[in-house]
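Right, one structure below, let's go through it.
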């Protein structure tokens with residue numbers, strides 16, 4: 001195992017100085033020992049690691065924090081996260097801070113783009129919760145994020161993504177650059193869900209009524225766990241972010257999906273956490289238990 005860049009280089013926002021991209025990979029397998037879900041295998045290369053597993057709600061659920069020590073993704077960086085859950089295991093995986101995608105090097109040439117790929121394989125009867133903190137995409141970033149979820153049998157998956165375009169608190173807007181996001185969920189080889197986002201800075205879609213409507217923060221929460229009971233759906237529909245944001249939920253035969261569209265990452269996260277509180281007893285058979293770092 002190594003925690004080092006490919007060959008030195010600089011970190012942070014792109015400058016006129018040359019930098020060498022970071023390549024990082026993390027592979028986790030969660031297994032079951034008696035009534036305990038554990039990290040059975042852990043392999044990493046480069047700056048993508050996990051802390052010691054935590055058990056704040058007992059041995060049945062393994063809370064794991066994925067850490068990217070550089071603190072941000074710059075042009076040319078490539079991150080790969082692979083997680084596999086054995087049958088009957090339960091893992092809640094989160095991050096300790098917002099992810100940051102820095103601007104690409106000058107020309108926005110394709111080689112300056114950064115990407116992150118995740119492949120999650122969830123065994124029969126297992127539960128994976130991928131609940132990271134928000135992602136901040138700086139102006140002039142060139143970001144590609146792909147997530148691929150493979151479920152077996154009656155496995156359950158719950159995940160969300162909150163994306164901030166530019167640094168609104170600093171007055172920065174997403175005027176140039178590119179963003180591509182995709183998540184695809186399969187069960188026993190059949191696709192249940194596909195969600196794609198692709199636009200560039202100042203794209204008319206960012207201001208269109210059928211697009212982002214001028215909002216700087218958007219998010220999607222997806223739960224794949226079978227048919228949602230009507231009474232839970234109605235409780236979810238009654239929840240609102242508490243600001244002037246747009247929101248909505250949809251229940252399909254295999255998928256529950258919720259959307260947030262506004263200007264506050266904190267309100268987006270609070271909205272999704274409230275939905276998670278309603279949904280978790282249904283798909284995981286246990287009440288919601290917030291990771292402590294969400295409140296620090």
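See the values below:
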read-out	value
Isotropically averaged projected area of the chain, using the convex hull of Cα atoms (one quarter of hull area), nm²	15.3
Burial ordering of 183, 209, 232, fewest other beta-carbon atoms within 10 Å first	209, 232, 183
Listed residues 201, 76, 171, most fluctuating in the chain (Gaussian network, C-alpha, under 10 Å)	171
Efficiency of FRET between residue 172 and residue 293 - r from beta-carbon atoms, R0 41 angstrom, step 0.05	0.95
Relative contact order for the chain, counting Cα pairs under 8 Å that sit 6 or more residues apart, in percent	12
Cα-based shape type of the stretch 135-255, given that a ≥ b ≥ c are square roots of the gyration tensor eigenvalues and the cut on a/c is 1.5	oblate
Most fluctuating residue given options 158, 274, 104, as computed from a GNM of the chain linking Cα atoms under 10 Å	274
Cα gyration tensor, the stretch 153-222 - rounded (a/c under 1.5), prolate or oblate	prolate
Ranking of 49, 185 by count of other Cβ atoms within 10 Å, fewest first	49, 185
Normalised contact order of the stretch 180-296, rounded percent, pairs of Cα under 8 Å and 6 or more residues apart	21
Most mobile listed residue (234, 78, 266) in the chain, GNM with C-alpha springs under 10 Å	234
Residues 222, 162 arranged by fewest to most Cβ contacts within 10 Å	222, 162
Antiparallel DSSP beta bridges within the chain, as percent of all bridges there, nearest 5	45
Relative contact order %, the stretch 136-225, counting alpha carbon pairs below 8 Å whose residues are six or more apart	36
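Where a number appears in this text, it was derived from the coordinates with a stated rule and is not lab data. What you see is a predicted model; the values in this text were computed from it and never measured. Every residue, glycine as well, gets a Cβ built from its backbone with ideal geometry; the counts of neighbours run over all protein chains shown.
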